[in-house]
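What follows is a set of notes on a single structure, which appears directly below.
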Amino acid sequence: FLTNVINAFDFQACYAPPGGEAGMFWRDLSRFGDHTAFIEPDGRSLSYAALACAADELELPSGGLLLLALDNSIASYTFYLGALRQGCPAIVINAGDRERADRLLKTYAPRGSWSPARGPQRLNHDQ
């Protein structure tokens with residue numbers, strides 16, 4: 001099923017909006033309107049317009065790196081797309097890899113982090 005969805009999706013349209021120059025799909029999610037962007041196993045769904053709105057409403061720390069520990073959930077995709085849409089550089093890792101997260105936090109001192117278990121955290125590092 002997923003292969004059929006991927007094959008039917010017009011990836012070129014995501015990167016070259018009609019009448020515009022090539023861009024990244026996350027900049028113009030709302031043009032897909034009420035079409036379904038995600039469906040969770042429990043049946044909850046989210047449209048592209050709602051996804052764009054949720055990503056834009058995130059209060060992410062500006063001017064610094066983020067560490068995103070993500071799983072396969074709507075919340076994780078929302079935070080990732082929020083970082084992309086707001087121009088925040090991010091390191092993305094698997095949500096279950098606590099050892100790697102600790103190592104990256106120590107090495108790169110990001111301005112903030114997010115994981116499904118802990119939610120958003122602003123980290124106070126002087127940069």
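Table for the structure above
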{"quantity": "Tabulated pairs, the range 48-75, first farther than 23 Å from A101 by Cα, second in a strand (DSSP E or B) and open to solvent by 30 Å² or more (accessible area, probe 1.4 Å), C-beta under 9 angstrom, 6+ apart or interchain", "calculated": "Y48/T36; L51/F38; A54/L46"}
{"quantity": "Restricting the range 56-104 to residues that are in a loop (DSSP other than H, G, I, E, B) and among the hydroxyl-bearing types (S, T, Y), the residue that is nearest to A117 (Cα to Cα)", "calculated": "S73"}
{"quantity": "Test result for T107, open to solvent by 80 Å² or more (accessible area, probe 1.4 Å) and either in a helix (DSSP H, G or I) or touching a His at 6+ places or on another chain (Cβ under 9 Å) (or both)", "calculated": "yes"}
{"quantity": "Options L58, L81, L66, L70: the member that is in contact with a Gly (Cβ under 7 Å, 6 or more places away or on another chain), open to solvent by less than 60 Å² (accessible area, probe 1.4 Å) and within 22 Å of F38 (Cα to Cα)", "calculated": "L58"}
{"quantity": "Residues satisfying the stated conditions in the range 84-95, i.e. surrounded by 14 or more Cβ atoms within 10 Å (Cβ to Cβ) and not aliphatic (A, V, I, L, M)", "calculated": "R85, Q86, C88"}
{"quantity": "Per-region count, the range 35-55, residues open to solvent by 80 Å² or more (accessible area, probe 1.4 Å), at pLDDT below 90 and not in a strand (DSSP E or B)", "calculated": "3"}
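The values are calculated or read from the model by the stated rules, or taken from the named source; none is laboratory data. Please read these numbers as outputs of a predicted model, since none were measured by experiment. Backbone-built Cβ (ideal geometry, glycine too); neighbour counts: all protein chains shown. Side chains are part of the model used for accessible areas, which takes the heavy atoms of the whole protein and leaves out ligands, DNA and RNA. Shrake-Rupley method; radii C 1.70, N 1.55, O 1.52, S 1.80 Å.
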